[in-house]
Every structure is written in structure tokens, then in C-alpha cells.
1. Calculate one ³J(HN,Hα) per residue across segment B:21-33 by plugging θ = phi - 60° into the Karplus curve 6.51 cos²θ - 1.76 cosθ + 1.60, and present them in order as whole Hz with x for glycine and proline.
2. Is the shape of segment B:4-217 best called rounded, prolate or oblate, per the rule: a/c under 1.5 gives rounded, else a/b larger than b/c gives prolate, else oblate, with a ≥ b ≥ c the square roots of the Cα gyration tensor eigenvalues?
3. Looking only at segment B:40-80, which residues have a backbone nitrogen under 20 Å from a spot 7 Å from the Cα of B:E185 in the C-beta direction?
4. Normalising by the residue count of segment B:4-217, find the relative contact order in percent from Cα pairs under 8 Å and 6+ residues apart.
5. Calculated FRET efficiency, A:S53 and A:D77, Cβ-Cβ r, R0 35 Å, to nearest 0.05?
6. What does the helix-only formula give at 222 nm for the protein assembly as shown: each DSSP H stretch with n ≥ 4 adding -39500 (n - 2.57), the total divided by the residues, and the result rounded to the nearest 500 deg cm²/dmol?
7. B plus A alone minus the pair: what accessible area, both sides summed, probe 1.4 Å, in Å² to 100?
8. Answer rounded, prolate or oblate for segment B:102-220, using the Cα gyration tensor with square roots of eigenvalues a ≥ b ≥ c: rounded when a/c is under 1.5, else prolate when a/b is larger than b/c, else oblate.
Amino acid sequence: MSKEFDVIVEVSLREGIADPEGLTIERALPALGFNGVSDVRVGKSLRFVVEASDERDARHQVESMCERFLANPVIEDVDITLGPLT
Amino acid sequence: MTTRVGVVVFPGSNCEHDVVEAVDAVGGSGELLWHKDKSLGDVDAVVLPGGFAHGDYLRTGAMARFSPIMDAVTRFAQDGGPVVGICNGFQILTEAQLLPGALYKNQGLKFLCQPAVLRVESTDSVLTRRMKVGDELNVPINHFEGNYVCSEEALAALRENDLIVFTYQDNPNGATADIAGIRNENGNVVGLMPHPERAAHPLLGSTDGALMLRGLIGID
């Protein structure tokens, strides 16, 4: 029987790829008095529900989606969070 | 025989008419192809024009590879047919893995619409086959995501195989190794960020883009 899983895919720039947007935000924060912020990185998150036989199958499907479409491995890394649908 | 150049229109393309006009002006015959077409008809060359195909959703060029015409474009390219991606078209070619690397946001985070001086680095491509290495061309750029990025290994392969076709004289967007355009190993697939169709008439301030298009349609 297939189950449903909540998925969050966080796509961020690979380490070593300059993040001008993150840098600009980081430089703006001191203007509001936040002086201790560093390493700002901007990314995007995709949320969806996937049907799979079990959690392992769900993760496998999502990894494959990321590899082939949801992220571009030349410039991006992904972080997958996955759990039973609540 | 007049060279027929098919210019693919995706939802969100916006330079297709300029390309058709420029191709016609240099002696070819430009025609529009719709992205839902499954065949390229009898065209002799294909151009993927600039714009925002499919709204640039997810990433620039990422959705275009699902357009039905892309299977035909890929087969055409693999059979040695000339395929040129301009700006958004270059982004589509990298996402479709017809060319290596990716295009990322300009280093200064500004949309750039300005003239650019290019240097010809390789003459083994459909756009530069009638030029000399070191030739300087004045062709404008118009992009937010033109910062060419690739792995160190990919860059070494580009250099080793002479696959870098154009570099910027004064790098405007942070592109790796000043890269403005690259080609595949056969030289029949070329992607570039600058817009040759916008430098195809003296009134536009430069005719250097016409030189590229003359190369594409095989006119000396």
C-alpha cells in the first residue's frame, strides 16, 4: 500500500559559488543594528507531497527529481527533509 | 540556395522577430517555429532566441527542455545541424545539456543592457568560421543571469579542446574565465550571452552581429 510523505527540498548555491544576493543582505543587516550576522546564503524551498511505498522509496524518488530537474548540480546543492504526511 | 533558419518561439521568448529580421537582412531566410512543434521541418539551422522561456520558472531555461520541440532540436544537434542559443537560448542549451556549465546571476546583481566588446577565441564554430582568433566584435548584452559558471574540470576541458568561442574584453558579469560564448566539440552547437541580432545594422551602432549570422548561414 502506498503512503504519502511531506517533502521539503531546500535548494542552495554550492559552496564556492559566490552568492551576491546573500552578501548584499549581509551588508544591509548592520544598518538595522544586527552586527553579528555572517555567512548569509539565499536559496529556495520547494514543498510537496509524494506517494511512495515507504520512506526509503520516497527519499529515492525525491533525490532523483532533484538530480534530474529540481536543482542544477553545476551550481546548486539540495537538502531534503521528509516525513509521513501529517 | 537560401539558408533557412528556424527560430524557436517558447512562451516568454521575446527576441525571435529580431533574429528573423537579422537573418533575412544578411541573406538567409528566417522563420518562426513553435515550441510545441515536434519537427523542425526542413530548416538548415536553428536559433533559440533570447527572452524568458516559460517565465524562467525554477531556473532560467529549466522548463524549456520539456517543450516538445527540444527532442527534435537535440537530434538535429547530434546529427551535426547548426544550433545557436542566444542569451536565454544559451541558458536553455546548458539546461538541456547540449553545452556544459550553467548561467548564474550577474556578479553585481544588476540587469545589464549595454554594448560589450568580445574577443574571438575559437574559429571552429558555426558563428566564427569566417573570423580570426583575436578579432574584436562589438555586440550588446542584455541579461540578469549571464555569469557563466562551471566546474574546474569542465573549464579545463573547455580550454583544452578550444571550446571557448568568445570572451569579454571587460568582464561585465563575473563570468568564469571571461566566457561570453562556448561551443560543443563539433562546433555546430554554440551558446552565447551577447545578442548578434542587435548588432546587425549600421543604425544599431554595430554590424558585428551580422558577421556572426553570415557565418551561421554560410555566406562569406
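1. Values, residue by residue: 5, 5, 4, 4, 5, 8, x, x, 10, x, 8, 8, 10 Hz.
2. rounded
3. From segment B:40-80, the list is B:74-80.
4. Working: 532 pairs, mean separation 44.3, N = 214.
This gives 21 percent for segment B:4-217.
5. On the way: r = 27 Å, r/R0 = 0.78.
Efficiency, rounded to the nearest 0.05: 0.80.
6. That calculation yields -6500 deg cm²/dmol at 222 nm.
7. About 1300 Å² of accessible surface is lost on pairing.
8. Details: a/c = 2.04, a/b = 1.10, b/c = 1.86.
Note, shape of segment B:102-220 comes out oblate.
The values are calculated or read from the model by the stated rules, or taken from the named source; none is laboratory data. Worth saying up front: this structure is predicted, and the values here are computed from it rather than measured. Neighbour counts are summed over all protein chains in view; Cβ atoms, including those assigned to glycine, are modelled from backbone coordinates with ideal geometry. Areas reflect the complete protein model, heavy atoms only, side chains present, ligands, DNA and RNA absent. Shrake-Rupley method; radii C 1.70, N 1.55, O 1.52, S 1.80 Å.
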